[in-house]
Amino acid sequence: MTAVIAPPQSQRYARSVEASKRVRWDVEAAHKFLPDGLVLADAFTTLSPAEKRFVSQIQGRTYANIFGLVERFINAKVLELSHDHWFGDQNALEALVRFSDEELKHQALFRRIDAMVGDVLPDGYRFDVDANAVAHAVLGKSTWAVLALTLDIELFTQTHYLESIDHDAGVSELFKDVFLFHWKEESQHAILDELELVRHDGEVTAAQRDRAVDEFIELVAAVDGILQAQAKADAAYFVATCGRAVGEAESRAIEAAFLKSYRWQYIHSGAQQPRFGKVLSSLITDPQGQRIQAALATLQ
Ligand SMILES: [Fe+2]
Ligand SMILES: [Fe+2]
């Protein structure tokens, strides 16, 4: 007879699920899911405080979905990179295996949050992006470009955590926990992204790096395409379910505000991290840096 022993990671995951179940009621209470500093609540100039809170709840659900999406390709890239360390530095191998394991756990947690939020918000929410299709497209780019994008993403979880604790007392305890515990692990991932990016950078030619800079810009544009589609979907969902008539002009303003939030959350809050600029500028030339800055500047 074989006893079934739950591995420690599984127990940690089970505790995460327990924590998210415990605060189920909290989702129904009068709490925001994302802090004002991430929603950019001031950009929603026509909305009442209660409507802005609803916006933060929609964006909280999208937050779970966006992370479920990006963690799919991040995990695949990390597993691929771990091959380089199989018979080399065993600390590096263990660090990447743990990284991968944590991203699997995060995806499970975010699926759980999506379902939980779905239970309490009105019907009609859509997130129609296929994580595997996106992962295939992203992984078609060079490792340098994917690691640069991943570093951006994993660094911005720190900004998200700080916004959730420092500036906004109205955020639900569940989401505060999500920001805290996600950032704790993501801060380690960002260190590994940097180590792997610098290591990998040493193996590419100047021409390959130059091409990779363009591919990074293409990846950011692809992320922006997803954000544009989701801003449209989430604004339409808000208008359909907010309980009052919203005219054409106001609908467009709400959609623009959603896009502004999402670009801040998923692109600029990482790109503006000093660490991101420091790492990247240590690897690329000034003209390459200017190309990236020019591309980012179009996404305002
Ligand atoms: Fe994660
Ligand atoms: Fe991560």
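The values are calculated or read from the model by the stated rules, or taken from the named source; none is laboratory data. Since we're looking at a predicted model, the values are computed, not measured. Here the Cβ positions follow ideal geometry from the backbone for every residue, glycine too, while neighbour counts run over all protein chains shown. These accessible areas exclude ligands, DNA and RNA; they are computed on the full protein's heavy atoms, side chains included. Shrake-Rupley method; radii C 1.70, N 1.55, O 1.52, S 1.80 Å.
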- Message: Condition first: under 28 Å from His136 (Cβ atoms) and of a type in the set (D, E, K, R). Now tell me which residues in region 36-79 satisfy that.
- Response: Arg61, Glu71, Arg72, Lys77
- Message: I want to confirm something. Restricting to region 164-173 and keeping residues that are surrounded by fewer than 21 Cβ atoms within 10 Å (Cβ to Cβ) and assigned to a helix (DSSP H, G or I), which single residue is nearest to ligand 1 (Cβ to nearest atom)?
- Response: Ile165
- Task: Among the residues of region 217-267, write down those that are without any contact (Cβ under 8 Å) to a residue 60 or more places away in the chain, surrounded by fewer than 17 Cβ atoms within 10 Å (Cβ to Cβ) and farther than 24 Å from Pro122 by Cα.
- Result: Gly225
- Query: Name the pairs whose Cβ atoms lie under 8 Å apart, with the first residue in region 272-300 and closer than 15 Å to Asp214 by Cβ, the second assigned to a helix (DSSP H, G or I) and among the small types (Gly, Ala, Ser), and 6 or more positions between them or separate chains?
  - Reply: Leu280/Ala148; Leu280/Gly289; Gly289/Ser281; Ala295/Ala221; Leu296/Ala271
- Task: Sort out which residues of region 154-163 are farther than 18 Å from Gln57 by Cα, open to solvent by 10 Å² or more (accessible area, probe 1.4 Å) and within 14 Å of ligand 2 (Cβ to nearest atom), and write them in order of number.
- Result: Leu155, Gln158
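Looking only at residues that are within 16 Å of ligand 2 (Cβ to nearest atom) and open to solvent by 40 Å² or more (accessible area, probe 1.4 Å) in region 78-92, which one is nearest to the chain's Cα centre (by Cα)?
Going residue by residue through region 78-92, those that are within 16 Å of ligand 2 (Cβ to nearest atom) are 78-82.
Cutting the leftovers down to open to solvent by 40 Å² or more (accessible area, probe 1.4 Å) gives us 79-80.
Numbers: Leu79: 19, Glu80: 21 Å.
Looking at the filtered set, the residue picked out is Leu79.
For Ala95, state whether it is open to solvent by 50 Å² or more (accessible area, probe 1.4 Å) and away from ligand 1 (no atom under 14 Å from the Cβ). Write out each step before concluding.
On the way: open to solvent by 50 Å² or more (accessible area, probe 1.4 Å): no; away from ligand 1 (no atom under 14 Å from the Cβ): yes.
No.
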- Query: Pairs, please: C-beta under 6 Å, at least 6 apart or cross-chain, first residue touching a residue at least 60 places away in the same chain (Cβ under 8 Å) and in region 177-189, second part of a helix (DSSP H, G or I) and near ligand 2 (Cβ under 8 Å from one of its atoms)?
  - Reply: His182/Thr157; Glu185/Glu102; His189/Phe99; His189/Glu154
- Query: Restricted to region 52-77, and to residues that are within 11 Å of ligand 2 (Cβ to nearest atom) and open to solvent by 10 Å² or more (accessible area, probe 1.4 Å), which residue is nearest to Tyr237 (Cα to Cα)?
  - Reply: Val70
